[in-house]
1. Using θ = phi - 60° and the Karplus curve 6.51 cos²θ - 1.76 cosθ + 1.60, what whole-Hz ³J(HN,Hα) does each residue of the stretch 441-452 get, with Gly and Pro shown as x?
2. In sequence order, what are the phi-derived ³J(HN,Hα) couplings for the stretch 242-247 according to the Karplus relation 6.51 cos²θ - 1.76 cosθ + 1.60 with θ = phi - 60°, rounded to whole Hz, with x for glycine and proline?
3. Under 29 Å from the Cα of residue 248, which lysines turn up, not counting those fewer than eight places away in the same chain?
4. Note the count of lysine pairs whose C-alpha atoms are less than 26 angstrom apart in the stretch 359-476, limited to pairs 8 or more residues apart or on different chains.
5. Residue 236 versus residue 475, label points 7 Å from Cα toward the beta carbon: distance in nm?
6. Assuming R0 = 25 Å, what is the FRET efficiency of residue 106 and residue 248, from their Cβ-Cβ distance, to the nearest 0.05?
7. What value in Å³ per residue do you get for the convex hull of the alpha-carbon atoms in the stretch 65-143?
8. Go through the stretch 188-199 residue by residue and turn each phi into a ³J(HN,Hα) via Karplus (6.51, -1.76, 1.60, θ = phi - 60°); whole Hz please, and just put x for glycine and proline.
Amino acid sequence: MDRQRLHTLEVISSGSLYKPRGRLIWGDNFEVMRALLDEGYGGRFKLIYIDPPFGTETHFKRRITTGSERLTIKQIAYSDRWSGRIDRYLDMLYPRLELMRELLRDDGVIFVHCDWRTGAYIRVLMDDIFGRRNFLNEIIWHYGGRGAKAVSGQFPRNHDTILVFGRTRKASLKKVFMERRIPVGEAGRYGYRMDGDGRYFKTSPRGDYTEESIKRLEKEGRIYRTRTGRVRIKYFIEKRGDMLIDRKLVGDVWDDIPDCMHNPPLERTAYGTQKPEALLVRIIEAGSEETDLVGDFFSGSGTTACVAERLGRRWIVCEKGQTGIYVTRGRLMKIDHHPFTLERPEGEWRNTPSRDVTSRVTIEGPSITPAGNGSVEVSITLKDYRLLRLPGGVSMKDPSRLFDMAGRDFTVLVESWSVDWDYDGRVFRGRSHSIKEGPDSSIDTTMSSVLEAKKRTIAVHVVDIFGNRTGVEICLPG
């Protein structure tokens, strides 16, 4: 089977000259991973997290809200249908897990997110591919509070399972602690005491400490004797202002991270299977160090990429669906990011967005003003964006409402737009961007830049609320 190369469609940089740290790849993950292995990425990933389909036999939709009227539209993000045949699902997953094993470093780890439908089957696959002795943990993510009505006659299903394996026995996870904050006034209620030096502490039984160890701890002020003379060991608690900070070692049941129903508004993408950033923070911090390479080959809405970027990791993520790709692109553009690339496999590569029959972009300009020293200030205005028909997979009760709103204000259709001020005809390098921060927020419709006065091509790319990318090119005379 012929291998495919990956081609860069876009470099998103916001003017930064730094080398791209992340790669967002749009395509089938099997072909993408084979291409990465051909590029020499075998044995280079420190951590891979995947959240594959759960075999739910449903279509997952993204809920899009736009305009001051907060019009709601549904769009299919991806299909998780297997005709009720678990063998088809496992036939899809097995060779992909094999490729992930090849991509991992010897000390690398993989986290596979699953639920009650497929978890037992995936555990068998992981034992076979990675080896039972390389099993590290079965994590129970107990998010709570859902499902009681959906499982009448059963206990509510309120947890997912995350299977963790190492590439070899060299793999390990870092200890993770979570903090509990307790008001000083409630210290006694939680079993904390204060010693003569004003330090708060809790105690535990002596356990198997020797007499010699007890004497040493006594000198350090870490022995507490009960009224009956029993020895207990003191553990001091950090005090910050009026709060006591108790650090607790995180085990394999995670019940302190709520699901995405409780995400902060700015984190929500309305993508059906989005996972909370707090979950990925814990995983990435436990399994990697700063500058390590992190991967996700069922990237969905891009939580792994966003968290890895914030934590200073290099990252490569892959998603097959257009919706997930442009949700991820938008999320990354809204945070303080290093440059990253948008890529596609060679067979699906296009160097410019097509002027799709579903949409039309109108640009006003460029307006050119001398800026001195052989430079000019060039301004471009996004004048109009029209949908000629709804894209496939989109459903809404009354489409005419959307077209009426767009007739009054075309920006309700626009999620972001970018300008490459010196387009080379191959890779779009967006240096100026305008992106909506929320469903009813506005975007800047005019962009400008001071450029050297020379002949050049300026390219404009517009991404609409459905993830469609449309562009135009403008020739600037010298």
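Bear in mind these aren't lab numbers, they're just calculated from the coordinates by the rules spelled out. What you see is a predicted model; the values in this text were computed from it and never measured. Reconstructed Cβ throughout: ideal geometry from the backbone, glycine too, with neighbour counts over all protein chains shown.
1. 7, 9, 10, 6, 9, 10, 10, 9, 7, 8, 10, 5
2. For the stretch 242-247, the Karplus curve yields 9, 10, 9, 10, 9, 8 Hz.
3. 46, 170, 174, 175, 202, 215, 219, 234, 239, 275
4. Details: 383/436; 383/454; 383/455; 397/436.
So the count works out to 4.
5. In this crude label model, residue 236 to residue 475 measures out at 7.6 nm.
6. Details: r = 31 Å, r/R0 = 1.26.
E between residue 106 and residue 248, to the nearest 0.05, is 0.20.
7. So the per-residue hull volume is 174 Å³.
8. x, 4, 9, x, 9, 10, 10, 8, x, 9, x, 8
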